[in-house]
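The values are calculated or read from the model by the stated rules, or taken from the named source; none is laboratory data. As the structure is a computational prediction, the values presented were derived from the model and not from experiment. All Cβ positions, glycine included, derive from the backbone under ideal geometry; neighbour counts span all protein chains shown. Heavy atoms of the whole protein, side chains included, go into the accessibility calculation; ligands, DNA and RNA do not. Shrake-Rupley method; radii C 1.70, N 1.55, O 1.52, S 1.80 Å.
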Amino acid sequence: YMLAKAGAELWRGRALDALAYAERAIDSVRAAGDRRLEAVALGQLAQATLSLGRLDEAQGFAAEALAVLAETLDRRTEGYVLGIQGRVAEARGLFAEARERLDAALSIHRAVGDRMSEGVVECYRGSLAFEEGALEEALGAFMRAGAVLKDCGERHYTAMTAAASGAV
């Protein structure tokens, strides 16, 4: 329940609330010994702390999640966490590292058929390219993201990609 609440709060942009739920969830899943759900909770902690600008904490939670994921077969969550690491690297101005992480995340999402996450990571790749001044690449990524997300019926990120395309 706490994981679902944390995810919902992240989706709503309420990072502090998401952080509180994820912190409660991590204790429960660790007590239960569920390593896969532990990695999901750590990913949510990473996402929440990233949203709050707490980059060191976000990177720490993401690294811990990837270590736990090495014991599981949860590629989808691995892609999610790699995407977070890419965004942390971008926030730090480490563009080559950001690109590497985002490309790895995108590859995983494509391999597992997670179209929505594929579209979100394409959006992140567009943001990175925009920040690097590669406007054609940014526009291409935003257009691909928008098409994938629209095809999935996802409206929030679809609107964001349209706005980002306009900014380019």
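For the subset of the stretch 71-102 comprising residues that are within 16 Å of ALA58 (Cβ to Cβ) and in contact with a His (Cβ under 9 Å, 6 or more places away or on another chain), which member is least open to solvent (accessible area, probe 1.4 Å)?
Result: GLY83.
Name the residue that is most open to solvent (accessible area, probe 1.4 Å), counting only residues in the stretch 132-155 that are farther than 21 Å from ALA89 by Cα and either touching a residue at least 60 places away in the same chain (Cβ under 8 Å) or not in a helix (DSSP H, G or I) (or both).
Only one residue tops the list, namely ARG155.
Please determine, by comparing only the residues of the stretch 103-131 that are farther than 25 Å from LEU73 by Cβ and in contact with a Leu (Cβ under 7 Å, 6 or more places away or on another chain), which one is surrounded by the most Cβ atoms within 10 Å (Cβ to Cβ).
So in the stretch 103-131, the residues farther than 25 Å from LEU73 by Cβ come out as 123, 125-131.
Within this subset, residues satisfying the condition of being in contact with a Leu (Cβ under 7 Å, 6 or more places away or on another chain) are 125, 128.
Details: ARG125: 26, LEU128: 22.
Of everything passing the filter in the stretch 103-131, ARG125 is surrounded by the most Cβ atoms within 10 Å (Cβ to Cβ).
Could you please find all residues in the stretch 80-104 being touching an Asp or Glu at 6+ places or on another chain (Cβ under 7 Å) and of a type in the set (A, V, I, L, M, F, W, C)?
Going residue by residue through the stretch 80-104, those that are touching an Asp or Glu at 6+ places or on another chain (Cβ under 7 Å) are 89-90, 95, 98.
Residues satisfying the conditions are ALA89, PHE95, ALA98.
For GLU132, work out the one condition from (1) under 20 Å from LEU42 (Cβ atoms); (2) among the acidic types (Asp, Glu); (3) touching a Phe, Trp or Tyr at 6+ places or on another chain (Cβ under 7 Å) it doesn't fulfil.
Of the numbered conditions (1) under 20 Å from LEU42 (Cβ atoms); (2) among the acidic types (Asp, Glu); (3) touching a Phe, Trp or Tyr at 6+ places or on another chain (Cβ under 7 Å), the odd one out for GLU132 is (1).
Which residue, of ALA129, ALA105, ALA162, is at pLDDT below 95 and part of a helix (DSSP H, G or I)? Don't jump to the end; show me each part of the working.
Values: ALA129 fails: at pLDDT below 95; ALA105 fails: at pLDDT below 95.
From the options ALA129, ALA105, ALA162, the qualifying one is ALA162.
All but one of (1) of a type in the set (Lys, Arg); (2) exposed (fewer than 15 other Cβ atoms within 10 Å of the Cβ); (3) within 27 Å of ILE26 (Cα to Cα) hold for ARG54; which doesn't?
Against the list (1) of a type in the set (Lys, Arg); (2) exposed (fewer than 15 other Cβ atoms within 10 Å of the Cβ); (3) within 27 Å of ILE26 (Cα to Cα), ARG54 comes up short only on (2).
Only one of VAL81, VAL88, VAL68, VAL121 is in a helix (DSSP H, G or I) and either at pLDDT below 95 or farther than 26 Å from ALA164 by Cβ (or both); which? Steps first, answer last, please.
Details: VAL81 fails: either at pLDDT below 95 or farther than 26 Å from ALA164 by Cβ (or both); VAL88 fails: either at pLDDT below 95 or farther than 26 Å from ALA164 by Cβ (or both); VAL121 fails: either at pLDDT below 95 or farther than 26 Å from ALA164 by Cβ (or both).
Only one candidate qualifies: VAL68.
Which condition number in (1) farther than 18 Å from HIS109 by Cβ; (2) touching a residue at least 24 places away in the same chain (Cβ under 8 Å); (3) open to solvent by less than 60 Å² (accessible area, probe 1.4 Å) is the one that GLY13 fails?
Status for GLY13: all satisfied but (3).
Condition first: part of a helix (DSSP H, G or I), open to solvent by 50 Å² or more (accessible area, probe 1.4 Å) and charged (D, E, K, R). Now tell me which residues in the stretch 16-50 satisfy that.
Selection gives ASP17, GLU23, ARG24, ASP27, ARG30, ARG35, ARG36.
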